[in-house]
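Asker: This is the structure I have questions about; it appears just below.
Every number in this text was worked out from the coordinates using simple rules, so none of it is lab data. Every value quoted in this text rests on a predicted model; they were computed, and no experiment measured them. A quick note on method: Cβ atoms are made from the backbone with ideal geometry, for glycine too, and the neighbour counts reach across all protein chains shown.
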Amino acid sequence: MTTTATASPPTLGKVYLVGAGPGDPGLITLRGKYLLEHAEVVVYDYLANPKLLSYVPKTAEFIYAGKKGGGLHAFTQKDINRLLVKHAQRGKTVVRLKGGDPFIFGRGAEEIQELVAEGIDFEVVPGVTSATAAATYAGIPITHREYTASVAFVTGHEDPAKKMSNISWEKLATGAGTIVIYMGIKTLPSITRKLIDHGRSPDTPVAVVRWASTPQQRSVVGTLETICEVVQQADIKPPALVIIGEVVKLRSTIDWFEKRPLFGKRIVVTRTRDQASDLVAKLEEHGAECLEYATIQIEPVEDYRIFDAAMATIAEYQWILFTSINAVSYFFQRLFHLGLDSRHLAGPKIAVVGRATAEKLLQYGLKADLIPEQFTGEGLAKALVQTRVEGSRILLPRAMQAAELLPETLTDAGATVTVAPVYRNVPPPGLGDELRRHLLSGTIDMVTFTSSSTVANFLAMLKADSKDEAHALFSKVQIATIGPVTTATVLEHGLSVAVQPEKYTIADMVQSIVALYRTSAPSANR
């Protein structure tokens, strides 16, 4: 008797329709973020913020299904439906990332109908829809008990294949207190005329919000009678939402997003890519649009012989000095590589250059014994000299190339200093041409520098080989530095500094930038 083996049916994957929200990446749901972190294939839209893709594993397949140049779409809706089916049939976990909410004018239902027809499992994760986000970020409550208890969401872009509209304009015009129109810029003249013709007062307040919840947000206000002219004069283009109703009057009181002190400012952040997040987050909290240009790439050194020898005799040292968070990170990376841990450092005291470095040290279970009042190498040197370091052995793990003021000052005071390189600064592959265009076009308001090496590498990326060329590139741009050493490097290149905080930390630097723009006259938002 013979038996015939039957092939097992292929294991199907699953498709998740995830609402990406209106534009601000912070508005995605926790469920949506979790699914992005576990996706194998991501199909994303034009209106989904690209920053959300940073949550996706680098091994995943990324498929852009938004608009190409000229407003054409990369894929038709049928193409997208088939894409989802194809990858799910391959057994993949597919995330379909859709701007706003999948079910509010997002065609999510059409995609699910295709999945159901093919027997593909799915889940839908709601997103913050653009209507509520645009109103909230423009300072407009779409309902208010003194104005209205009803709101209607309407598309201004119906299926062109339909022979007649299924929007009852005669009922809508006076039937809802607030009307929010999606995708209504191109048809705005027709929409306003229909509402007026069917009984809505021409004096009804109207707001139009473009790129809601993003640093590019722009809001204009008029009435049903005037809004078309206002939009044309302000050159408002899609994507934008139209909010119609008496609640628009509250914008003058509630507007908050566009009144933040750095709103409309484009600021270049030049830290290393893995360290930029804190500075970027703090600047964005105050409304800035940040462009990240990493000018330093941190790498381990090739030769650790000095460090390894110091670790073998660490009990003979009186001090270990850390002058940056990078020094802390790469110190412990090598320490762990040697099979050691923090207990090996029980003998010497530890001094750090500032609070941020002290906080980094605490992550390894160690508290700094000394933090100078002035957060610089010079400040650390002065504080150590006051402890009488004569005859002391001091270990200084640091970058391969660094200022010599600290070890020289301590040596002059009678200490024996071992400089042990644990990392090196390498210029990353740059985007110099793109950066030059931004600077010369006047679309950059400020560039931030947090170390002397960021200044030198930034100018090298720009190929600014002379002071005259550097001055030309920065003629329309202000500069912020974190402290006097960085400021001195900027001045050496013939440039001026608009901001330097009294305390040399990221938080104080941001506060100084905010103070500068709060006292200056507001500029037109881009």
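Asker: Quote the Stokes-Einstein diffusion coefficient, in whole µm² s⁻¹, for the range 242-338, based on the Kirkwood radius over alpha carbon pairs, a temperature of 10 °C and a viscosity of 1.306 mPa s.
Answerer: The estimated diffusion coefficient comes to 89 µm²/s.
Asker: Could the peptides 324-333, 444-453 be put in order, highest first, of the mean number of other beta-carbon atoms found within 10 Å of their residues?
Answerer: Highest mean packing first, the order is 444-453, 324-333.
Asker: Now for a separate question. Highest mean first, what order results for 433-441, 173-181 on Cβ atoms within 10 Å? Please list the in-between numbers first.
Answerer: Working: 433-441: 14.3, 173-181: 20.0.
With the highest mean Cβ count within 10 Å placed first, the list reads 173-181, 433-441.
Asker: Which values of log₁₀ I(q)/I(0), to two decimal places, follow from the Debye formula for the chain at q = 0.08, 0.11 Å⁻¹ with a uniform point scatterer at every Cα?
Answerer: The Debye formula, applied to the Cα set alone, gives -0.70, -1.06.
Asker: From zero outward in steps of 5 Å, how is the percent of C-alpha pairs of the range 14-127 spread across the bins?
Answerer: 2, 13, 26, 27, 21, 9, 2, 0
Asker: Principal axes first, then extents: for the Cα atoms of the range 299-426, list largest minus smallest coordinate on each axis, whole Å, largest first.
Answerer: 35, 29, 28
Asker: I would also like to ask the following. Compute the label zone of L12 within the range 88-117: residues whose backbone N is under 19 Å from the point 7 Å along Cα-to-Cβ.
Answerer: Within reach of a label on L12, which here means backbone N under 19 Å from a point 7 Å along Cα→Cβ, the range 88-117 contributes 88-96, 108-117.
Asker: What 222 nm value per residue comes from the helices of the chain, counting each DSSP H run with n ≥ 4 as -39,500 (n - 2.57) and dividing by all residues, nearest 500 deg cm²/dmol?
Answerer: After summing the helix terms and dividing by the residues of the chain, the value is -9500 deg cm²/dmol.
Asker: So, one more: What value does the range 131-258 have for Rg/Rh, both radii from Cα atoms and Rh as Kirkwood defines it?
Answerer: Across the range 131-258, the Cα-based Rg/Rh ratio is 0.94.
Asker: For R518, R343, which order do you get if you count the other beta carbons within 10 Å of each Cβ and list the fewest first?
Answerer: Lowest to highest Cβ neighbour count: R343, R518.
Asker: So how much slack lies between T519 and A498, counting 0.36 nm per residue of separation and subtracting their Cα-Cα distance, in nm?
Answerer: Using 0.36 nm per residue and subtracting the Cα-Cα distance, I get 6.3 nm.
Asker: Please give the FRET efficiency for V230 paired with K463, using the beta carbon to beta carbon distance and R0 = 51 Å, rounded to the nearest 0.05.
Answerer: Between V230 and K463 the formula returns 0.70.
Asker: I've got another one for you. Along the Cα→Cβ direction, 7 angstrom out, place labels at A109 and S150. What is the inter-label distance in nm?
Answerer: The answer from the label model is 2.1 nm.
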